[in-house]
Each structure stands twice: as C-alpha cells, then as structure tokens.
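One structure below.
Computed from the coordinates by the stated procedures, all read-outs in this text should not be read as laboratory data. Model, not experiment: these values are computed from the prediction. Please note: Cβ atoms are built from the backbone with ideal geometry, for glycine as well, and neighbour counts cover all protein chains shown.
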Amino acid sequence: MAANSPSTAATLALIADDMREVDKVIASRLQSSVSLVGEVAQYIISAGGKRLRPALLLLVSGALGYKGEQRFNLAAVVEFIHTATLLHDDVVDESTLRRGRPTANESFGNPASVLVGDFLHSRAFQMVVSTNNLRVMQTLADATNVIAEGEVQQLMNTHDASLDEAGYLNVIRSKTAKLFEASARIAAILAGSPPATEQACAEYGQALGTAFQVIDDVLDYDGNAQEMGKNLGDDLREGKVTLPLIIAMQRGNEAQRELLRRVIETGATDELAPVIAVIRDTGALTATREAAAAQAQLAVDAAEKLPPNLYTKGLLQLAAQLLDRRV
C-alpha cells in the first residue's frame, strides 16, 4: 500500500481504536514462561508491517455492523498465524532482511525461529478455541492447512523455469490469499451474515490477497530496496518463479529466454540487472500490474455487494489503492 496515501490513512483511521485493542490482546497473549519465546515473538511483531489481515477483519466487521469483543481476539489470531508463517518462511528462504532489519532467524538462529513460529501457531489456536464457534475454528483450521500446502508447493516449484501462470496463481492463492480470505470470512461469521454476504466477503479477501501478492512480486524487480526493507532480487535468489518472470519467459526471444532459464535454475543474482532489463523490455511488469488490477477489480465487485457505509467505502478504497503500492 502506498505509505503516503491519504485515503489509505483515512481508511485505517476508521479502525484505529480497534487496532489499539488488538495490540493489547497481542501484547497479553505473547507472554510465556520461556523468555526466548517472548523475545523472538516480540522482535518480529514489533517490526511493524501493514497489519492488513487484522485490519481486513476489523473493516469487514464494521461494514457488517459487528461490534463484539471477539473481533479483537480473532484479529490478533490472524496476525499470530501470519507472523508464524513469516518466521518459517524466512528460515526456508534463508532470508536475512525483513522490513529493514535482520530477520529473526538472522538474529536468533533457525531453531529459535522455527520453534517460536510453532508457539505462535499453537497460541493462536488456544485463542480460537475460546470463541466456542465451530465455524470460526473450521475456517482457520482449513486456512492454515491450505497455507501449509501452498508453502510446500512453492518449495516444489523452486528453480522450475517451466512454471506457468496457473501454477503460480495456485501457490499465491494458497500461501498468501487464503489468510486474507479467512480474515474476511471470519468477520462475516461473527456478524451472523447470510451465506451470500459471507461468500462476498470471502471473495473480496481472496481477490485482495491475490492482488497484494502479485504487486509484491512486481516490487521485487521494480521497487526501492531501502523503502521496502528487503533486498531486491530475493525471489530470484530463492528460485521463486513469479509472474514477471513467467510473462518475460513467454514473451522473450530465444536469447532472453535462455538467460532467464539459466538464472532461474541457478538462482544467481549476479545477473539481476540483465534479468530486470528483459522483464522491462518484454513488458512483463506492465502485464503483471494489469493482472493485479484485474484481481483488485474482483475485490471491488465483491465489496459492492456489502451494505453501503464508511467501512465498505474503506474496503473499496483499500482495493483501489493497492495498485499505487510502492513498498
């Protein structure tokens, strides 16, 4: 999301008080008798970030008129689940930088990061049980399972120059968009919404999450490393074949395809500059942004099915402004 967008700030201002309540829940539930658990968990939580998943749950709750306390508890739950996946991802990807500072695995080591990720997952499900709502439990259990499958599928796809757009979308809908979808659906469940409204919320979350990840993959080749707080070309180094590369492979000439294939298979970032040149020359960045725009429009279409109010307007703005995202 564009960090300086006034309308994004206005949207998040709608839930500023709610987010403060969520932060209180997060702080209280990070407590552990094992000091290292709290230290590592606090390190990554305090790194900031956009908190989009809890924000989405709170905005949809507002759009549907749900004011119950469980929205704070479950917003913290989805943030814990997301944070756990970040801890595990950074270990798998051997990442060293996130949000402008060393990753937890870089600071505390891989074993601590993996185990604290496990703690956050299990703490999240302790909190879910307290809702005594089987639909909410089922939604989050299904989501975490799909996310894990997406992670494994992405691992299987690494360094595979033959990956196509369908395979790529399958991974990001599982790995990233599923928790967005679950966050929006949970709010609808809490609000006791009819099936059609719940489905619209789920569709909004999935489309928003998909667009968010597609734009994220654009920024790995077209962003500002200092602003993003991570290294450009990390996806390439990790062997992740994302949409800009897939489109460039489809559109490039024989020499360009051979360059991309070699770099994808080896993960060598010393040829990052020529790879970016190919991605630009083939129009792959523009085409990828267009794919994100199509997903953002699906999110807009879904949000327009919700009751007209300030929160729904915020959801519409969130989707529209996603395309201005630079960090």
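In this simple spin-label model, placing a label point 7 Å from the Cα along the Cα-to-Cβ direction at both Leu155 and Gln138 gives a separation of 2.9 nm. Computed 3J(HN,Hα) for the stretch 100-111, one whole-Hz value per residue from the Karplus formula 6.51 cos²θ - 1.76 cosθ + 1.60 where θ = phi - 60°, is x, 9, x, 5, 4, 5, 6, 8, 10, x, 5, x, glycine and proline marked x. How would you classify the stretch 1-99 from its alpha-carbon gyration tensor, with a ≥ b ≥ c the square roots of the eigenvalues: rounded for a/c under 1.5, else prolate if a/b is greater than b/c, otherwise oblate? Cα axes put the stretch 1-99 in the oblate bin. When each of the peptides 103-110, 181-188, 12-19 is scored by the mean number of other C-beta atoms lying within 10 Å of its residues, the order from highest to lowest reads 181-188, 103-110, 12-19. The amide H of Arg98, built 1.01 Å from its N in the peptide plane, has Thr103 as neighbours under 5 Å, considering only residues 5 or more places off or on other chains. Checking the cross-link pairs Lys24/Lys305; Lys50/Lys175; Lys67/Lys313; Lys175/Lys313; Lys24/Lys240 against a 25 Å limit on the alpha carbon distance flags Lys24/Lys305; Lys175/Lys313; Lys24/Lys240 as lying beyond it. When only the Cβ of Lys, Arg, Asp and Glu is charged (+1, +1, -1, -1), the dipole of the stretch 153-288 relative to its Cα centre reaches about 260 debye.
The Cβ shell under 15 Å around Cys201 holds other residues with a net charge of +1, Lys and Arg each +1, Asp and Glu each -1. Think of the stretch 6-319 as having a plus end and a minus end, set by charges on the Cβ of Lys, Arg, Asp and Glu; of Ala277, Thr242, Ala255, Thr242 sits farthest toward the positive end of this dipole. For the chain, the relative contact order is 23 percent, taking Cα pairs closer than 8 Å that sit 6 or more residues apart in sequence and dividing their mean separation by the residue count. Both radii come from the Cα set of the stretch 251-304: Rg as radius of gyration, Rh as Kirkwood radius; their ratio Rg/Rh reads 1.19. Per-peptide packing, taken as the mean over residues of other Cβ atoms within 10 Å, places 201-207, 304-310, 133-139, 292-298 in the sequence 201-207, 292-298, 133-139, 304-310 from highest down. Remark on the chain: hydrodynamic radius 20.2 angstrom, per the Kirkwood mean of 1/r across alpha carbon pairs.
Per residue, the chain reaches -23500 deg cm²/dmol at 222 nm when only DSSP H runs of four or more residues are counted, each adding -39500 (n - 2.57). What the Cα convex hull of the stretch 238-327 gives, in volume per residue, is 107 Å³. The distance separating the Cα centre of the stretch 253-275 from that of the stretch 101-141 comes to 37 Å.
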